[in-house]
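The values are calculated or read from the model by the stated rules, or taken from the named source; none is laboratory data. On a predicted model such as this, the values are computed, not experimentally measured, just so you know. Note that each Cβ is placed from the backbone with ideal geometry, even for glycine, and that neighbours are counted across all protein chains shown. When the accessible area is computed, the model is the full protein with side chains, heavy atoms only, and any ligands, DNA or RNA have been set aside. Shrake-Rupley method; radii C 1.70, N 1.55, O 1.52, S 1.80 Å.
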Amino acid sequence: IAGITQAPTSQILAAGRRMTLRCTQDMRHNAMYWYRQDLGLGLRLIHYSNTAGTTGKGEVPDGYSVSRANTDDFPLTLASAVPSQTSVYFCASSEYGQEVYEQYFGPGTRLTVT
Amino acid sequence: QKEVEQDPGPLSVPEGAIVSLNCTYSNSAFQYFMWYRQYSRKGPELLMYTYSSGNKEDGRFTAQVDKSSKYISLFIRDSQPSDSATYLCAMSAWRTGRRALTFGSGTRLQVQP
């Protein structure tokens, strides 16, 4: 059982380029999330999806977009990368419901924008 | 002001020591309180959770929640080098149709053999 896979593991990207971070889960969870983790700031939610076909904005959505065409995949796109988007990006998933408390995280993508 | 405050450390202790990790929060709507452990270059993993106030014990780990003081703690007894990691507190509240997690910034723990 893989859980959540993310690709690429790391990437160096020139400013202004477009980039899609991939995330796939095999747990059939309804809800999926994208976070960025920066030193001293912890994990901040970028976008989320409660179910396939729906998405919502998190705490820091500017410069990012997501789609949720099916249950398993939740790609994150940076349309035109800027250096402030240098971070470690984590995809997560969970069951959706009133009592949800546990989110399962992928291994992360380390992105450097130069 | 952040909703959840956590001392970033690093915290360095000798093997066998009792470790105390803490978070404070400002939002009284938080209901579930969690501790995640994150090893270097890995994703966070849920370690323990508690609902509302009280204590919960799991092996060498004890989680405490004091809602009156808006303060949560994680105690690690007989700490081991394998406990060296970053510990993130997280809190959950129902917001705009979904249960949202708010994370602390994490405390880095180093247990010296």
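Could you please give the count of residues in region B:5-37 that are facing chain A (nearest Cβ under 9 Å), open to solvent by 70 Å² or more (accessible area, probe 1.4 Å) and assigned to a strand (DSSP E or B)? Counting residues in region B:5-37 that are facing chain A (nearest Cβ under 9 Å), open to solvent by 70 Å² or more (accessible area, probe 1.4 Å) and assigned to a strand (DSSP E or B) gives 0. So is B:R60 more than 11 Å from chain A (Cβ to nearest Cβ) and basic (K, R) or not? So B:R60 fits the description; yes. Considering only residues in region A:59-75 that are out of contact with any Asp or Glu (no Cβ under 9 Å at 6 or more places or on another chain) and within 17 Å of A:Y104 (Cβ to Cβ), the one that is surrounded by the fewest Cβ atoms within 10 Å (Cβ to Cβ) turns out to be A:D73.
Scoring B:D83 on the criteria (1) touching a Ser or Thr at 6+ places or on another chain (Cβ under 8 Å); (2) farther than 22 Å from A:S87 by Cβ leaves a single failure, condition (1).
Scanning region A:78-101 finds one or more residues that are hydrophobic (A, V, I, L, M, F, W, C), more than 10 Å from chain B (Cβ to nearest Cβ), open to solvent by 30 Å² or more (accessible area, probe 1.4 Å) and touching a residue at least 24 places away in the same chain (Cβ under 8 Å).
Checking B:S40, B:S92, B:S68, B:S105 one by one, the residue that is crowded, with 21+ Cβ neighbours inside 10 Å and not in a strand (DSSP E or B) is B:S105 and no other.
Every test in (1) modelled with pLDDT of 95 or more; (2) within 14 Å of the chain's Cα centre (by Cα); (3) open to solvent by 10 Å² or more (accessible area, probe 1.4 Å) is passed by B:G59 save one, and that test is (2).
Filtered by the rule that a residue be touching a residue at least 40 places away in the same chain (Cβ under 8 Å) and over 30 Å from B:P8 (Cα atoms), region A:29-75 gives A:H29, A:N30, A:N50, A:T51, A:T71, A:D72, A:D73, A:F74, A:P75.
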